[in-house]
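J.: Shown below is the structure under consideration.
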Amino acid sequence: MGSILAVAALALLTAIAFFPWQTGRAALVGALLPVMGLHYWALRRSHVVPEIAVLFCGLTADIVSGGPLGFWTSLCASAWLIGLLQRPWAERGWKFGRWGFFSMTTGTVAFLAYVLVQIVHHPVGSAGDIVFAAMWLMLIYPVLAMLLRILDVDRQRGLCGVEGLQD
């Protein structure tokens, strides 16, 4: 059940990311929403999200945005991989520590986005827009993490075992 809810949450974040009413800086903040979900699951219970779901988030974003194939996929995969690398330390950490890990990840993903924008000349936004989006992601992460934690029913039942991150 946890896997279904985790993938459904990622699909919802990916869908919200590209709502047609979003414009300007808000669109960039929205486009990076799947990064939050991917990092959350990679840090806490990576086994409930298959790697194909990570690819799905990125490819869907690539297709919907009309940008170069692989742009959003590389950002989503980076957030996932960084979360996996941070996992050993996060299991011993505390909530503010995990927020700090997300902040480091967001900074890295924002820098990667800026570099990719320069390489492929994809009109995502200026450096200021990317920094603005990264700052907003850092601010709203605790709220999203709380919502995702509610969806993590297996963790709440104590079924996550060794893989799960205990709070």
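Nothing in this text is a laboratory measurement; each read-out follows from the coordinates by a stated rule. Please read all numbers here as calculations on a predicted model, not as lab measurements. Here Cβ is always computed from backbone atoms with ideal geometry, including for glycine, and neighbour counts include all displayed protein chains.
J.: Would you please put 115-125, 100-110 in order of how densely packed they are, using the mean number of other Cβ atoms within 10 angstrom per residue and starting with the highest? Kindly include the intermediate steps, with their values, before the conclusion.
T.: Working: 115-125: 13.9, 100-110: 19.8.
Order by mean packing, descending: 100-110, 115-125.
J.: Quick one: which of 35-47, 72-84 comes out on top by average Cβ neighbours within 10 Å, and what's the full order, highest first? Don't skip to the end; give the middle numbers.
T.: Numbers: 35-47: 24.5, 72-84: 22.0.
Top to bottom by mean Cβ count within 10 Å: 35-47, 72-84.
J.: On to the next question. Modelling each spin label as a point 7 Å along the Cα-to-Cβ direction, I'd like the Leu84/Leu139 distance in nm, to one decimal.
T.: Between Leu84 and Leu139, the simple spin-label model gives 3.3 nm.
J.: Through the Karplus equation 6.51 cos²θ - 1.76 cosθ + 1.60, θ set to phi - 60°, convert the phi angles of the range 25-32 into ³J(HN,Hα) values in whole Hz; use x for Gly and Pro.
T.: Computed from phi, the couplings for the range 25-32 are 5, 4, 5, 5, 4, x, 5, 8 Hz.
J.: Something else: Using mean Cβ contacts within 10 Å as the protection proxy, how do 26-33, 8-15 order, highest first?
T.: Details: 26-33: 21.1, 8-15: 18.1.
Per-residue mean Cβ counts within 10 Å order the peptides as 26-33, 8-15.
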